[in-house]
Structures are given as C-alpha cells and as structure tokens.
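First the structure, in the form of structure tokens, and then the observations on it.
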Amino acid sequence: MTVYIDPPEWPGHGTLWSHLVSDVSYEELHAFAAVLGCPRRAFDRDHYDVPAHRHGRAVGLGAVEVGGKELLRRLTEAGLRRRRPPRRAVTVR
C-alpha cells in the first residue's frame, strides 16, 4: 500500500494544492483521503486535490512525497490514470 503526494505548488482558490494518488487502487486512495479529512468532492478523476495546510499531515500519515512528474509516472504505471476527455470544438454560426 503506497499513497503519494506532490508538493503544494498548484495555485487555486487562494491557496496552494497538492495531488494525492495511489499506485494500488481508488479504494485505497479514498480510504486514505477519508482519514486525512479530505471530502469526497476533492476527488478529481484519479487523484485528490489536497490543500497546503493538509500536506504535512498527509506525509505524517504515510503518504510518500514525490515530485509531480514522478507522481504522474507512478499513477500511469499502476493503470489508474484517467485523462480528461478532449473538449469539443464549439462552432459559432
């Protein structure tokens, strides 16, 4: 069981954010996020968005801190990467 988190460097809504992923299953990820106190609405396709103030606690609970590229590599190699569907072009008439 391994859950990974990248550094809080993604800005949004007045704070910085990290991404939390599992290399085993979404069930493992949801369970860890619940213990961390992340609401289910923070889940985005294949990861949780974690505010900077929860980053240290995540590491304290056992999340392994890795860089963003390493996090993405581990998620992809585990077969858990879910890409955003391509946007459709809008035709203006």
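General observations
- The number of residues in segment 20-49 being open to solvent by less than 40 Å² (accessible area, probe 1.4 Å) and closer than 17 Å to Glu65 by Cβ comes to 10.
- Asp23 meets the stated requirement of being under 20 Å from Arg82 (Cβ atoms), touching a Lys or Arg at 6+ places or on another chain (Cβ under 7 Å) and not aromatic (Phe, Trp, Tyr).
- Glu77 meets the stated requirement of being surrounded by 10 or more Cβ atoms within 10 Å (Cβ to Cβ), modelled with pLDDT under 95 and not polar (S, T, N, Q).
- Which listed residue is part of a loop (DSSP other than H, G, I, E, B) and in contact (Cβ under 8 Å) with a residue 12 or more places away in the chain, from Pro7, Pro86: Pro7
- So Gly56, is it over 12 Å from Val21 (Cα atoms), open to solvent by less than 100 Å² (accessible area, probe 1.4 Å) and free of Cβ contacts under 8 Å to residues at least 40 places away in the same chain: yes
The values are calculated or read from the model by the stated rules, or taken from the named source; none is laboratory data. Every value quoted in this text rests on a predicted model; they were computed, and no experiment measured them. Neighbour counts are summed over all protein chains in view; Cβ atoms, including those assigned to glycine, are modelled from backbone coordinates with ideal geometry. For accessibility, only protein heavy atoms count, side chains too; no ligands or nucleic acids. Shrake-Rupley method; radii C 1.70, N 1.55, O 1.52, S 1.80 Å.
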